[in-house]
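Working notes, beginning with the structure itself.
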Amino acid sequence: MGPEPRVRCVQGDANTALPAILDSEEWRKPERGRGLQRGIVFLDPYGMQVSYSTLEQLAACKRVDVFYLFPLEAVTRQLAHDYRAVDQWKQDRLDAVLGGPDWREEFYTDRQDQDVFGHVDTQRRRKVTRVEIEAWFKRRLERNFAFVSPPIALGDGNLQKFSLFVAIANDAPAAVQLAKNGIRDMLKLQQIEASRRKFDP
């Protein structure tokens, strides 16, 4: 009988596969006497597939660091300027991706318009920009993770499609400082500057 394989491929939805792995006996058992195993998770969704509950479970185990491509462009596209255009399917998907219904109050406000005949129409309108949505999501991540990096803008030309966040679950000061040093070097390498972030439709 050959040695136990070091690599195992699991096909499926990350929202169900990752929690199953974290709950498995294989994950919980000590690794060669060095304590519980640790891991790095790369979440690279095509769109709005990653549920925030998955991120919460990854954070709760405190042994997984996460690289997450937050789909800023897709989320912003679903957050129509007129709230009436955000149908039930969009609301449900935004609830899942953003971690609950808070975005309705955070991102929208009631505005009253009066026409020439004195009729008043109240509409719920989006009050936040892409940059503000991104900053709000970073604060949301910081509720669960010990450290969350500044977002790194990724996209096509001038259009930012994703925000890369590095989220550290281990709250040990040494682990947090190591992550901060790595992010600082990553930002230098990518030459991310504030001028790239000015595009804000």
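The values are calculated or read from the model by the stated rules, or taken from the named source; none is laboratory data. Keep in mind the model is a prediction, meaning the values are calculated, not measured. With ideal geometry, Cβ positions are generated from the backbone for all residues, glycine too; neighbour counts draw on all protein chains shown. These accessible areas exclude ligands, DNA and RNA; they are computed on the full protein's heavy atoms, side chains included. Shrake-Rupley method; radii C 1.70, N 1.55, O 1.52, S 1.80 Å.
Tabulated results
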{"quantity": "Inter-label distance for D102 and K90, nm, one decimal - labels placed 7 Å from Cα along Cα-to-Cβ", "calculated": "2.2"}
{"quantity": "Sites F42 and Q123, calculated FRET efficiency, Cβ-Cβ separation with R0 41 Å, nearest 0.05", "calculated": "0.50"}
{"quantity": "Pairs from K138/K161; K127/K188; K62/K90 whose Cα-Cα separation, in the structure shown, is over 22 Å", "calculated": "K127/K188; K62/K90"}
{"quantity": "Linear extension gain, A80 paired with R143, 0.36 nm per residue minus alpha-carbon span", "calculated": "20.0 nm"}
{"quantity": "For peptides 8-17, 84-93, 49-58, sequence by mean Cβ density within 10 Å, most packed first", "calculated": "49-58, 84-93, 8-17"}
{"quantity": "Cα-centred dipole magnitude for region 86-190, charges only on beta-carbon of K, R (+1) and D, E (-1), debye, nearest 20", "calculated": "400"}
{"quantity": "Accessible area in square angstrom per residue, region 56-159, 1.4 angstrom probe", "calculated": "52"}
{"quantity": "Peptide ranges 138-148, 174-184, 70-80 listed from the most packed, as the mean C-beta count within 10 angstrom indicates", "calculated": "70-80, 138-148, 174-184"}
{"quantity": "With DNA, RNA and ligands ignored, accessible area of D110 (1.4 Å probe; Å², nearest 10)", "calculated": "90"}
{"quantity": "Förster radius 41 Å - calculated FRET efficiency between N158 and E26, Cβ distance, rounded to 0.05", "calculated": "0.35"}
